[in-house]
Amino acid sequence: VNMKLSWLVISAGTLFLNPVTADCNITSQTVTCEMTGKNLSNIPTNLFQNITKLSLKNNKIILKDSDKEILQHFINLTELYLNENMITVLYNDSFCNLTKLVILDISNNHISRVHTAAFAGLNQLSVLNLSYNKITQLDSDVFTSLKSLTILNLQYNLLKFLNVKSSFKSIRIALAGNPWTCSCDLLDLQIWLTASNVTMENEDNTTCIFPNTMEKFSIMTASIQPDDCKTEKATSEHTVTSTSVTMLKSSALLTALTPNNITGNNEPHAELPLLGKSWTFLAGVLGFVLSTTLLIFTAIKCPTWYHYFISYSHRRLEENDSEMSEQEFSADMSSFPTVSRTNNEDPIVIFEKNQAFVPGEDGFIEDKYIDSYVTEES
């Protein structure tokens, strides 16, 4: 009696000195702290370790590593309420030191992923509430450590199938509100529900969503034929095996084409490592880029080269061509009238433009023809 009285005095003194625990209620058996709606982003560090019931409902806790370290000090905790918070992931060993925990409520959060060992160490856990989250898949061993579990609430998540390997003595499970797909993936859950000591609550609302032919059928009574699933599984395994054989053959072919095998000699030399797929892909990309660049460059430069060769038509005159040009030029000049002055000045030749002069192909007239003509007339 004296020990209990001393413990109550110490606990009362702690509550009096610590304003955060002002909402805690202490009895001879339990220490209950109510921290609902305090806008907390972390679990308070100034809660004493003898707490047995902790409610952190309606806060902004995301269950960081620092929060997990704080929880490990509450070794006498039997009830923990973390519903209506901001938790997104349950990592391994999130509650590992809470060996006396009986009730864990993590409903109404944003949990999308639960690690396999998230509930490790919860040997006495009886009630687990994960409803109203965003869980799409659960590992088959996630509930293995929960040997004392009697109530499991997974309502209103995003589960399409579920495979539970744990064998419970007796358990009530709630699975309504999930988009169940009644195919071969759900066969294991259907067998587990019918063969184990499982009571499914709200069975009428736990129905298939896909396929359309089984819509609104209970997941326990939906017609999923085991023989069809075995055939499908065998076909899938055969496809995987064929793919593996093809990959092995390709690997053997690449090994056969190594430099040691191609040369055929037995001279010792360093073995060259095989190029991986990344190198092959890189070489292909480089080749494609270089060829594309070459094609673009050729397409740009072809018109320039074409115009250059077409416009180039100049050629050197041969000796015969030079004499013929002089004769033709002299004949043309004789047809032009000349006017002489009465004085002794040099005669002046006047040209009249009787016809249009057609330039040569290259557009140039060499001056040597004109100089030769003037010299002869002089």
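The values are calculated or read from the model by the stated rules, or taken from the named source; none is laboratory data. Treat the numbers as computed from the prediction; the structure is a model and nothing was measured. Note: accessible area is taken over every heavy atom of the protein model, side chains too, but ligands, DNA and RNA are not part of it. Shrake-Rupley method; radii C 1.70, N 1.55, O 1.52, S 1.80 Å.
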> Rounded, prolate or oblate: which one fits segment 57-103, using the alpha carbon gyration tensor with axes a ≥ b ≥ c (rounded when a/c is under 1.5, else prolate when a/b beats b/c, else oblate)?
Replying inline: oblate
> Quick one: ranking ILE111, ILE70 by accessible area, 1.4 Å probe, largest first, what do you get?
Replying inline: ILE70, ILE111
>> Suppose accessible area is computed on protein heavy atoms with a 1.4 Å probe; arrange TRP279, TRP192, TRP180 from highest to lowest.
In response: TRP279, TRP192, TRP180
> Of LYS38/LYS64; LYS38/LYS68; LYS100/LYS165, which ones are farther than 22 Å apart at the Cα?
Replying inline: LYS100/LYS165
> Extension gain LYS147-LEU294, at 0.36 nm per residue separation less the Cα-Cα distance, in nm?
Replying inline: 45.9 nm
